[in-house]
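Below: the structure, in structure tokens.
The values are calculated or read from the model by the stated rules, or taken from the named source; none is laboratory data. Note that the coordinates shown come from a computational prediction; the quantities given were computed from them, not determined experimentally. Using ideal geometry, Cβ is built from the backbone for each residue, glycine included, and neighbour counts are taken over all protein chains shown. Side chains are part of the model used for accessible areas, which takes the heavy atoms of the whole protein and leaves out ligands, DNA and RNA. Shrake-Rupley method; radii C 1.70, N 1.55, O 1.52, S 1.80 Å.
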Amino acid sequence: LKLHHSGRYLCGGQVVSQWRESEQVTVTVHRVPLSGVSLSVQPPRGQVALGDCLVLSCVVATGTGPLSFSWHQEGPGAQLGTGPHLELQHVEDNDNGQYWCRVSDGDSVAESDPLNVTVLGEQDSQAG
């Protein structure tokens, strides 16, 4: 269902040789408020080797669309992306830090908890 499906409905049909109609009913479609915004990450725990790819996904437990997404990183800087996924192709040292997504349904806004991303340099990945 979409919000525009709200309205008055009835059904009709032929009974013997007469057209009959039901009583009208009113259907109201409500928005489901945004809740349960969270992040998932690949590779696990947000630990990624220098130069590798990192994919963050913004998950919404409930909420009526259409939804818009924005991605943010701690510190000064512009919005990083506007889709449900954020892909960093070749991570660098300055990609370290906290990331979160913000979701809006046009009426309200919800944010995920921040996720800490750790970029492992050569010495870090060899130490394990």
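Give me the net charge of Gly63's neighbourhood, meaning all other residues with Cβ under 15 Å from the Cβ of Gly63; Lys, Arg count +1, Asp, Glu -1. Result for the neighbourhood of Gly63: 0.
Taking amide H as placed 1.01 Å from N in the peptide plane, Gly81 has its amide H under 5 Å from the amide H of Trp71, each at least 5 places away in sequence or on another chain.
Here the chain exposes an accessible surface that is 51 percent carbon and sulfur, computed with a 1.4 Å probe and the other protein chains kept in place. In the chain, helical runs assigned H by DSSP with n ≥ 4 each contribute -39500 (n - 2.57); averaged across all residues and rounded to the nearest 500, the mean residue ellipticity at 222 nm is -1000 deg cm²/dmol.
Using C-alpha pairs below 8 Å separated by at least 6 residues, the relative contact order for the range 17-59 is 37 percent.
The slack between Leu67 and Ser40, meaning 0.36 nm per residue of separation minus the straight C-alpha distance, is 7.9 nm.
Taking 0.36 nm per residue of separation and subtracting the current Cα-Cα distance, fully stretching the chain between Gln24 and Leu3 would add 5.7 nm. Counting only protein chain heavy atoms and rolling a 1.4 Å probe, the accessible areas of Glu92, Glu23 rank, largest first, as Glu23, Glu92.
Recomputing Rg/Rh (Cα atoms, Kirkwood Rh) from the coordinates shown identifies the correct label among (i) 0.95; (ii) 1.33; (iii) 1.07 as (ii).
Protein heavy-atom accessible surface, 1.4 Å probe, per residue over the chain: 67 Å².
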